[in-house]
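Undergrad: Below are the structure tokens for one structure; questions will follow.
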Amino acid sequence: MLYRTAGQYKTSYASDQAVFPVRQDAILLGIILLLAWVIFPLTASEFTFQTLLIPILIYSLAALGLNVLTGYAGQLSLGTAAFMGVGAYACYKMVTLMPWLNPLVAILLSGAFSAGIGVAFGIPSLRIKGFYLAIATLAAQFFLVWLFEKWGWLYNYNSSGAIQVPNLTMFGVYVAGPQASTIVQYYVVLVVVSLLTWVTINLTRGTLGRTWKATRDMDFAAELIGINLMRSKLTAFAISSYIVGVAGALFVFMWRGAAEPNLFDIPLSFRILFIAIIGGLGSIMGNYLGAILIVGLPVMLNTVPEALGIHIDSATVEHLNIMIVGSLIIFFLIIEPHGLARLWALIREKLVIWPFPH
Amino acid sequence: MTDQAEGYTTADGRKIGGVVMEMKNITLRFGGVVAIHNISFDIREGEIRAIIGPNGAGKSSMLNVISGFYTPSEGEVWYKGAKRPPMKPYEVARQGVARTFQNIALFEGMSVLDNVMTGRLTHMKAGILPQMIWKGRAEAEETENRIIAERVIDFLEIQHIRKTPVARLPYGLKKRVELARALAAEPTILLLDEPMAGMNVEEKEDMCRFILDVNDEFGTTIALIEHDMGVVMDLSDRVVVMDYGKKIGDGSPDEVRNNQDVIDAYLGVQH
Ligand SMILES: Nc1ncnc2c1ncn2[C@@H]1O[C@H](COP(=O)(O)OP(=O)(O)O)[C@@H](O)[C@H]1O
Ligand SMILES: [Mg+2]
């Protein structure tokens with residue numbers, strides 16, 4: 001009886017509204033936080049930080065941002081990578097124009113720029129829906145990447161056309177640039193991702209979350225019960241693009257170290273979309289599960305057969321990865337549109353009543 | 001029944017107040033189709049006002065005009081003694097007009113409780129910052145409005161399904177949840193578009209009882225569309241009869257029942 005809810009009575013609405021009304025979920029979260037904040041940093045190798053831990057967190061955050069817009073508010077976007085780019089370039093401009101600025105503050109501020117641009121590109125959503133809106137966001141995708149390439153001011157007119165993350169310190173410690181240590185960068189990412197996840201959980205379970213979900217499920221009914229659709233959609237674009245922009249800043253400043261415009265092209269947008277779909281649209285936890293799978297799968301395909309003494313060349317690994325991810329997308333789109341998060345919920349439901357199925 | 005400016009008292013002793021909403025010479029055209037042709041009627045405080053008529057008579061269109069979903073081509077809507085300027089549906093809702101739909105329009109991806117809570121959105125005013133940290137006004141509001149939502153849930157006897165996703169519910173219960181969502185708004189006027197359509201006899205009886213109880217206990221003014229003549233005659237204080245977009249009768253159930261035009265329309269006399 002791992003998941004016993006018997007005996008856990010709610011005596012107030014506030015306790016029923018808690019994020020984890022069931023005690024075991026709170027314990028599970030405790031374990032995850034302990035792993036993320038203490039155990040992994042103590043044990044992980046440089047390789048694990050660089051290929052798994054840091055990218056998983058950053059991709060989760062980007063998917064979380066997309067999920068606010070697509071999973072919660074029902075507005076499909078194919079331009080996620082471009083908005084990550086806006087965050088990254090905004091951060092770059094801020095730290096080079098104002099070197100005294102605290103890097104963490106710069107990262108959190110860079111989301112404000114992507115939020116503004118997100119709202120501007122969200123305006124068509126007031127008129128068009130679904131497929132047509134997706135095409136409109138694709139236009140944003142092309143336009144912004146073109147801008148990153150053509151507007152020299154954005155990359156300080158350097159000859160490579162790429163942005164290079166400078167050495168940045170916070171309280172005397174290097175947090176970005178070639179001098180920064182991986183573990184420090186991991187903690188910066190973890191702080192930002194935890195903070196924004198907590199904020200998103202609060203937003204999605206309250207008034208704004210219900211407003212978004214109502215807009216997603218039946219927009220005309222939403223309007224007739226008193227929801228201002230324009231506000232609902234534009235706040236979704238703003239919050240989503242903010243999170244995505246911050247993820248973009250982390251992506252470049254805490255992980256890649258440098259970026260060319262085409263880094264923010266369509267393949268990255270699709271990668272984030274796949275994470276959100278496989279993880280589960282309309283779920284918070286799904287973004288983490290999806291990111292673990294998408295980031296972890298190629299690493300696993302590279303290392304596990306090797307450890308078992310089977311040699312697979314890297315081209316085959318790549319093909320295998322694409323085939324597995326492709327089948328998973330098809331599986332989730334057709335069989336389980338709510339993704340891994342829904343599968344977990346089903347397992348949990350079974351555990352609650354285990355061992356008596358009736 | 002005496003019909004004075006100050007209202008009237010019903011046979012069962014309920015006090016009906018003054019006019020709360022008045023439709024004045026409403027005409028609604030869709031291209032060449034005239035869905036509503038120069039119709040006037042009023043709705044009084046505390047009454048159950050029915051709109052009846054054959055399919056395609058323009059009843060739903062009339063509710064859509066009241067809730068601001070359609071803008072009338074001609075005519076005026078008066079609410080609480082003032083002419084209503086052109087308004088978006090969400091603004092009408094915020095003035096205290098709630099409704100249900102002929103084809104259920106629930107939020108399928110949400111639980112029953114969350115659907116009912118969306119009915120409270122017009123009363124929830126916390127800014128985005130308190131919502132982000134789930135503190136202050138946001139937290140307090142959530143509990144206050146949850147209490148009201150739970151009261152409605154108890155009232156409509158749907159406690160047992162409050163955490164169920166609405167997509168899993170049978171049709172009759174969905175209709176009831178939709179009523180709960182509208183009631184949760186504590187509306188001045190409640191518009192019900194065929195609340196009993198597609199229900200079995202037992203479900204219809206339940207729904208009738210709920211409508212009467214809502215009117216009785218909360219004093220909510222109700223305007224409803226219904227097909228079933230028997231039900232309408234039992235429920236309503238006054239009835240508007242529509243046919244081909246025109247008003248062909250208006251009065252108490254007895255008056256309407258004996259009106260020759262109404263009898264013709266319902267017996268399908270060719271026009
Ligand atoms: N959005 C619309 N566009 C065009 N015609 C409409 C629209 N809504 C209603 N109508 C027409 O108006 C008439 C009345 O429809 P409706 O109000 O739904 O009738 P009822 O609810 O009485 O069955 C019908 O002829 C219908 O085809
Ligand atoms: Mg109708």
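Undergrad: Could you report the buried accessible area between A and B, both sides summed, computed with a 1.4 Å probe and given in Å² to the nearest 100? Before the final figure, lay out the partial values.
TA: Working: alone 17970 and 13400 Å², together 28270 Å².
Buried surface at the A/B interface: approximately 3100 Å².
Undergrad: Using the Kyte-Doolittle scale, find the helices of chain A whose mean hydropathy is at least -1.0 and whose Cα atoms extend 24 Å or more along the helix's long axis, counting only whole DSSP H runs. Kindly include the intermediate steps, with their values, before the conclusion.
TA: Details: long enough: A:80-97 (26 Å, 1.10); A:103-122 (28 Å, 1.84); A:130-150 (30 Å, 1.34); A:182-205 (34 Å, 1.46); A:229-250 (32 Å, 1.23); A:285-307 (31 Å, 1.19); A:314-334 (30 Å, 1.84).
In chain A, the long hydrophobic H runs are A:80-97, A:103-122, A:130-150, A:182-205, A:229-250, A:285-307, A:314-334.
Undergrad: Over the Cα atoms of region A:131-285, what Rg and Dmax result, in angstrom?
TA: 18.6, 56
Undergrad: Over chain A, with a Gaussian network built from C-alpha contacts below 10 Å, which listed residue (A:ALA176, A:ALA26, A:ALA88) shows the highest mean-square fluctuation?
TA: A:ALA26
Undergrad: Grab the Cα-Cα distance for A:ILE310 and A:ASN262, subtract it from 0.36 nm times how many residues apart they are, and report the gain in nm with one decimal. All intermediate terms of the calculation are to be shown ahead of the outcome.
TA: On the way: separation 48, 0.36 × 48 = 17.28 nm, distance 3.52 nm.
Between A:ILE310 and A:ASN262, full extension yields 13.8 nm more.
Undergrad: In region A:52-353, if every C-alpha pair distance is counted and binned at 20 Å from zero, what percent goes to each bin?
TA: Calculated over all Cα pairs of region A:52-353, the distribution is 33, 57, 10, 0 percent.
Undergrad: What FRET efficiency comes out for A:ILE324 versus A:GLN164 if R0 is 30 angstrom and r is the Cβ-Cβ distance? Round to the nearest 0.05. Walk me through the numbers before you get to the answer.
TA: Working: r = 35 Å, r/R0 = 1.15.
FRET efficiency, A:ILE324 to A:GLN164: 0.30.
Undergrad: Build a GNM of chain A with springs between Cα atoms under 10 Å: which of A:PHE220, A:PHE270, A:PHE83 gets the top mean-square fluctuation?
TA: A:PHE220
Undergrad: I would also like to ask the following. In the neighborhood of B:VAL116, defined by Cβ-to-Cβ distances under 9 Å, what is the net charge if each Lys or Arg adds +1 and each Asp or Glu adds -1?
TA: Once positives and negatives cancel, what remains is +1.
Undergrad: Between B:ILE263 and A:VAL191, what is the label-to-label distance in nm when each label sits 7 Å out along the Cα-to-Cβ direction?
TA: Result: 8.5 nm between the two label points.
Undergrad: On C-alpha positions alone, give me the angle between the axis of helix B:171-184 and the longest principal axis of chain B, in degrees, nearest 10.
TA: Taking Cα atoms only, the helix is inclined about 80 degrees.
Undergrad: Same structure, new question: Of the peptides B:249-257, A:62-70, how do they stack up when ordered by the mean number of other Cβ atoms within 10 Å, highest first?
TA: Values: B:249-257: 17.4, A:62-70: 30.2.
Descending mean neighbour count gives A:62-70, B:249-257.
Undergrad: Separate question: Which whole-number value in Å² is the accessible area per residue of the protein assembly as shown, probe 1.4 Å? Please report the intermediate quantities before stating the final value.
TA: Numbers: 28270 Å² over 629 residues.
Ligands and nucleic acids excluded, the figure is 45 Å² per residue.
Undergrad: If R0 is 45 Å, what FRET efficiency do you get for B:HIS227 and B:THR143 from their C-beta distance, rounded to 0.05? Intermediate results must be reported in sequence, preceding the final value.
TA: Working: r = 41 Å, r/R0 = 0.91.
Computed FRET efficiency for B:HIS227 and B:THR143 comes out at 0.65.
Undergrad: Roughly how many percent of the accessible protein surface of chain A is carbon and sulfur, given a 1.4 Å probe and a whole-percent answer?
TA: In chain A, the share of accessible area belonging to carbon and sulfur is 71 percent.
Undergrad: What Kirkwood radius, in Å to one decimal, follows from the Cα pairs of the protein assembly as shown? If you can, show how the numbers build up before the last one.
TA: Numbers: mean 1/r = 0.0364 Å⁻¹.
Kirkwood radius, the protein assembly as shown: 27.5 Å.
Undergrad: If you don't mind, another one. Under the definition of Cα pairs under 8 Å and six or more residues apart, what whole-number percent is the relative contact order of region A:52-353? Spell out each step's value before the answer.
TA: On the way: 475 pairs, mean separation 98.9, N = 302.
Relative contact order here is 33 percent.
Undergrad: Below 8 Å between Cα atoms, with a sequence gap of 6+, how large is the relative contact order for region A:238-305 in percent?
TA: Values: 23 pairs, mean separation 10.7, N = 68.
Once divided by the residue count of region A:238-305, the mean separation gives 16 percent.
Undergrad: Below 8 Å, C-alpha to C-alpha, sequence gap of six or more: please give me the relative contact order for region A:228-358 in percent. The partial results should precede the final answer.
TA: Working: 76 pairs, mean separation 33.3, N = 131.
Computed value for region A:228-358: 25 percent relative contact order.
Undergrad: When each pair of different Cα atoms in region B:112-186 is counted once in the 1/r mean, what is the Kirkwood radius in angstroms, to one decimal? Mind dumping the intermediate values first?
TA: Numbers: mean 1/r = 0.0785 Å⁻¹.
One decimal place: 12.7 Å for the Kirkwood radius.
Undergrad: About its Cα centre, what dipole magnitude does chain A give when the only charges are +1 on Lys and Arg Cβ and -1 on Asp and Glu Cβ, stated in debye to the nearest 20? If you can, show how the numbers build up before the last one.
TA: On the way: 18 positive and 14 negative charges, 193 e Å.
With only Lys, Arg, Asp and Glu charged at Cβ, the dipole is about 920 debye.
The values are calculated or read from the model by the stated rules, or taken from the named source; none is laboratory data. None of these values were measured; they are calculated from a predicted model. Virtual Cβ from ideal backbone geometry, glycine too; neighbours counted across all protein chains shown. Ligands, DNA and RNA are stripped out before the accessible areas are found, and what is left, the full protein with its side chains, is counted by its heavy atoms. Shrake-Rupley method; radii C 1.70, N 1.55, O 1.52, S 1.80 Å.
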